[in-house]
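Enquirer: First the structure, which I've put down as structure tokens, then a few questions once you've had a look.
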Amino acid sequence: MLGGVADDVQVGRMVEAVRRARKLSQSDLAGRAGVGRETVSRLERGLLDGLSVGALRAISRALGMPSIAPLGWRGPEVDRLRDSRHAAMVEAVSRMLLATGWATQPEYTFSHYGERGSVDVLARHVEGRALLICEIKTRLWDLQDTLSALGRKYRLIPELLKDEGSWEAPNVGAVLFMPDVSTHRHMIERHSATFEGALPDRQVRVRHWLADPSGPLRGIYFLPDSHQIDKRKDPPGRTAAQDPHAPSRTAGIGPKLGWRS
């Protein structure tokens, strides 16, 4: 069964809104997807029971949006899988940063005049006097929400740390980390102008900045598909366990790390 009734209705409303924005009738959409008009009608009314995953995917492709089908799957097994994939990506990002001289803090939370949130990984580079805000997504469901949230963190967090007297970084970066899957690359291609404005830097530029941070950075970085991440070995080079002077991968960020502008 695909989701609960309320969830199904929300999915249906979302599909209808996208269809109307594309200036398509239900018959137009059905023709493009290769399904019957009644299938589109049932979906938009939130009657997902009995609709095949194949039909939902076909409608998603016809609308140029991420697959509808996963939005409806519910259950503790799926929740645990999502959590484990996200945790694996956080670990992979932290290892990569550690190997290039960064200290990291996962799940950094903040609150500023009613604006609350958390950063998946917040990192600092002592020698480069740099701050890095890492947003990690296993799937990119809501493009505008993701970009808006990351932009808000990019704007707020450096000032918050400065106001707290913790430390100040002249070089600030924000990176959206995602699994390297075709769905994400196709989305970036479809919304190239949006991504170019919000996150213009790509893989090579991000990699160079992480090794030698200088100036601002707003970019996208693709990791191997997240179901393979937990099988990866530690990156080459010394780890914190091998080097007693290296910062801990999960070290906190603040005065105890000891650098100010």
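Read-outs throughout are calculated quantities, based only on the coordinates presented, and are distinct from any laboratory measurement. Keep in mind that what you see is a predicted model, and the values were worked out from it rather than measured. Glycine also receives a Cβ, built like all others from the backbone with ideal geometry; neighbour counts cover every protein chain displayed.
Enquirer: Net charge near Arg190: determine it from the other residues with C-beta under 13 Å of the C-beta of Arg190, scoring Lys and Arg +1 and Asp and Glu -1.
Expert: Net of charged neighbours comes to +1.
Enquirer: If packing is taken as the mean number of other Cβ atoms within 10 Å per residue, what is the order of 22-28, 150-156, highest first?
Expert: 150-156, 22-28
Enquirer: For a protection proxy built on the mean count of beta-carbon atoms within 10 angstrom, sort 214-225, 97-108 highest first, please.
Expert: 97-108, 214-225
Enquirer: Can I ask one more? Quick check: residue separation of Glu127 and Arg190 times 0.36 nm, minus the Cα distance between them. What number comes out in nm?
Expert: Additional length available on full extension: 18.9 nm.
Enquirer: Using a simple charge model, +1 on the beta-carbon of Lys and Arg, -1 on the beta-carbon of Asp and Glu, nothing else, what dipole does the range 5-72 show about its Cα centre, in debye to the nearest 20?
Expert: Charge dipole of the range 5-72: 340 debye, to the nearest 20.
Enquirer: Could you tell me the distance between the Cα centroids of the range 15-69 and the range 109-143, to the nearest Å?
Expert: A separation of 35 Å, based on Cα centres.
Enquirer: Positive end of the charge dipole of the range 5-72 (Lys, Arg +1 and Asp, Glu -1 on Cβ, about the Cα centre): tell me which of Val9, Gly46, Ile59 has its Cα farthest that way.
Expert: Selected residue: Ile59.
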